[in-house]
Structures are given as C-alpha cells and as structure tokens.
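The values are calculated or read from the model by the stated rules, or taken from the named source; none is laboratory data. For clarity, every value in this text was computed on a predicted model and none was experimentally measured. Ideal geometry is used to build each Cβ from the backbone, glycine not excepted, and the neighbour counts take in all protein chains shown. Note: areas computed on protein heavy atoms with side chains; ligands, DNA, RNA excluded. Shrake-Rupley method; radii C 1.70, N 1.55, O 1.52, S 1.80 Å.
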Amino acid sequence: MKDQRFLTKQKLSIAGMCLAVFFSFGLIEKTRSANMSSVSVTLATPRLSFVGKLTTGNSVGDTTVNIVTTAGGASSTTSAELAEGDSVLIGDTSTANTYTVASASANPGSFLIRTPSFASLQTNDTDSGDAVIATQSGNMTVRFTTASAISNGAFQILVPATTLSGSAGRANGIPDQDGFDFGTSTPTVTCPSDVGSSYDFVTGTASSSAVTLANVTYHAYSCRYSGSGVASTAFDGTTQGTIVISNVINPSPKIGHVQGYSDPYKILVRNLDSTDTATDSTIVTVGNVESVRVTASVPSQITFGVLAVASGTTTCGQTTDATTTTTTVPFGTVSSSSFKRASQKLNVSTNAANGFTVTISANDQMGKDGGSCAGDPPSGNSCVPDANVSGMSHTTSQDWTSTSNQGLGYSLQDPSSTTTEAFSYNESGRTFSAKQLPDSENSQSAQTIFSATAPATDNNVYVCYQVIVGSSTTAGSYQNTVTYRATASF
C-alpha cells in the first residue's frame, strides 16, 4: 500500500499476479480418395489424454503430486501434458478420488492440485504406482461428399481401438495408449437431417470393437438410411448436415511418443450398401498432441493521477475561480462576501480484482502561515476553519449555498458516471452538497471519496473545494495540507 500525497501523481505497483493461458493445438491431416471427396474428421478436443502413475514421496495432505517420469514406467511421464483446471483421478480402482490441477510446476515430475474437489491428497491416494488419469474427450465431427448413389445403405465411421487390452479395456472409460476408448456408456451418434427421399436416416448407432480389418480393431459408428442415395451429396455442415459422435475418449501418448509431435490415427469413413459391404471408403488421418502451455506474468498495479483544473471550468455545478496544479490549490485572495472555488480531477486505473478505494484527509484546518489550529472549530482569528454549516461534519454532508456560513469544505462529482463516489454535489436535490475535510489534528479518520469493486480503467472524480472567510479573519497567508490515499484491493 502506498500513499498518494496532495496533488502528487505517482504510479503504485502493489503486488504481482500470474496468468496462465492454455491453448490446445490439434493436427488434422486429410486424405482423399477417388471414392469419397472432401472427407475430414475434426476432434473437438485434440489433446492427448493423461495416464500416469504416482512415484514415491507422496503423502496425505500434500498439495504437490509427484509422478513417474521414466519412459516405460507410465504412458504419460511429464506434467507438461496437464493444464490448469484439468480433472485428475488419483488412486487405485476402488479408492480413487477426483482432483483439480492448479498448475504444472517447473519440475515435469510434479503438479499442484486445488479446490474445487479435494485441495490435498486423501487417504489411499498416495501409494507408489497409483493411477493418475486426466481424460480428454469431446465430439468427433465427420464431413464428406458422397461418390456413389447407394440405395438403402449406411454411412459408417470406424475409429481405431486399442490392441493392448481385451474388449472390456476398450470400453471402460480409461484412456488407452494406442486407440480411442469407447466409454462406459454408448456414445450418441447424431446423423444428418433427411435429404428428401434420397436419404431417410434412422437413429445413429455405436458399437464397441465391432469391426476388425487387417488385424486392427475399430469402434463402429453408423447412420443407416433408406432411399436411393445420391452421388456428390455434400454432408459438410453447410449443404447438408454432418455426422457427430459424442464423447470420444482420446488416447494417451503412444509408446515412444515424442513431445510436440502428434500421434497419428487412421479413421475410415465408409458408405455401405444394404448388405453392409463397403462400396465407398476413405481413410483420414487425425493426430493427437499435447496442449501447449503459454504463460505470462501480469504485475498487479494501480495508477493514481491528480490532475489540474483550469479557472472558468464548471465542476460540481459551480464555476472555478482559480487554476489548480498537480501540487497546489492556489485560491489567491479570498473575501468574506463571496465564495472562492477551485477543483482537481482524480483518476484511477487498476487491474485489482476487488477494485480500489481513494480517501481524503487534511493535516489541520487552514492556519495563518501554516500555524496550528487546535479545536474544531478553532478559537481566535488566525485560522480558516471547516465550513460551519449546521449539521455538516467530515462524515455528514449538507447543502452549502449561504455566504454567511464561513470556512473551507469540499464536494464531489463523477463526470463520466463510471465510479462510486461517497456523495455528490447535487444529491437529494441540493445545489452544492459538501462536507468538512477530515482533520488529523482533531483525530478525525480519513474518509472515502470514491471507490470501485472491480478492475477499473480511467475512473474519474472531481474534488471541488469552496472557501469563504469571516470578516474578522486576520490578514495573512493561510495553508494546510491535504492527503489523498489510493489503495487497490487484490
């Protein structure tokens, strides 16, 4: 926290905060054949899933999770494959709990966890060899243009399944190292809308490990139709609809995976005839790769400016009689018969999540040659006291329009309605609603003049001063010191 002294402009750097931005990049390679054209398969989430293991050194209550980093010890061996906000399952098959990744540390062998979910490791989730699983899944969208007119056929999408486990392992919801997992519940296959009498679709179907070709096992997703079929029909999302398969679970890194390079998988897009024989077939290669973590550090900061206001400017509904600077409010010669007015403009910008507060206080009432003015109001004729309006104080405002009420006071105006001022010159239908300055000599606390509860850009307030002296005030030079304090809430 730093002070902003009267009419002094400075930039306050309060604290630091970190912003992490995560981008996921998917590599998609399109392969076209003479059979079907414009064939593409798009993964909504191209990131690799994470399947790692705990290493030794984890304890109940830890917020740092240590993982195996040796090749062959686990499918995923670096925390760089995780991103902030990922849900991670940690533990064995019977006691695993779900945690949330706070961030990956500089050490590829560890990452941090946070709320929501558990904020630290729980009992039975710390054993060496326990699974660490972060599943990446999303929709798969298939686009293509038909080659042949096939009647009463079916569009079929074949997605490779793992060969490293049995059929149960291909549909258990746990990411596989060399194929896409089917999931524990049957995915939804959304077929295109009907196309006249040529393509009358029924509800799409999905089957785990349903097809084996050239010793490769595939999950099968189908959209069967009745009708004659039409060659060169574009199911591209613009001319006609696409085929969308829900919740495809992406693989974890392949054996020998190289970071930054995608693991390729061949997906078959086929048009079957009424006997389920593939008439047209095209292979499309998709690639899964790690997310790329891009980080930037944004310092916490607040900028507080005190700006001069020229004579003849209308502020708080009144015209100023003096030109202020960033370090002085020179009223010049004042009288006992008319008000003298001067203003300053305060400006605040901050990236603080909880906004800011600006307060005002004075060291004393205005004393001759800067002398002390004890009491409130002070005795004698060598002080210009706080405005002596009935009911007015440093905490309570009153309308101040009569020149018979001598002293010094201030009011506020938000020129752009972007901030929350403590009070306003025209509140409750008043002409010049004002307060006395908080007086430190009389142990009066600094008072908030304006604030915000969120980050702010160029929030402004005019502080409008008004003074008139009594006829018996001793001739001479009078002054005091006012302090503005800007505080950001991070």
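Projecting label points 7 angstrom from Cα along Cα→Cβ for residue 117 and residue 193 puts them 4.0 nm apart. For region 323-420, the carbon plus sulfur part of the accessible surface works out to 45%, probe radius 1.4 Å. Averaging the Cα positions of each part gives two centres, and for region 202-278 and region 125-169 these lie 8 Å apart. Which is the longest part of the chain that has none of the trypsin sites (Lys or Arg not before Pro) sitting in a DSSP loop with at most 15 other Cβ atoms within 10 Å? Formally, the longest exposed-site-free interval is 33-490. Across all directions, the average projected area of the convex hull around the alpha carbons of region 43-189 is 10.9 nm². Estimated at 0.36 nm per residue, the fully extended path between residue 393 and residue 56 surpasses their Cα-Cα distance by 114.6 nm.
For region 78-173, the relative contact order comes to 23 percent (Cα pairs under 8 Å, sequence separation of at least 6). Using the Cβ-Cβ distance between residue 186 and residue 254 with R0 set to 22 Å, the FRET efficiency works out to roughly 0.25.
For the chain, the solvent-accessible area works out to 43 Å² per residue, with a probe of 1.4 Å and every protein chain left in place.
Computing P(r) over Cα pairs in 10 Å bins from 0, in percent for the structure here picks out one of (1) 4, 18, 29, 28, 15, 5, 0, 0; (2) 5, 22, 31, 25, 13, 4, 1, 0; (3) 4, 16, 17, 11, 10, 10, 11, 11, 7, 3, 1, 0, namely (3). Setting aside same-chain residues fewer than 8 positions from residue 435, which aspartates and glutamates have a Cα under 18 Å from its Cα? Once the sequence-local aspartates and glutamates are set aside, what remains near residue 435 is 364, 376, 386, 399, 414, 421, 427.
Ranking 330, 268, 255 by how far each Cα lies toward the positive end of the dipole of the chain (charges on Cβ) leaves 330 at the top.
Residue separation of residue 445 and residue 149 scaled by 0.36 nm, minus their Cα-Cα distance, works out to 98.0 nm of gained length. Each of 358, 118, 135 was placed along the dipole of the chain (beta-carbon charges, centred on the mean Cα), and the one lying farthest toward the positive end is 358. In the chain, Cα pairs under 8 Å separated by at least six residues give a relative contact order of 18 percent.
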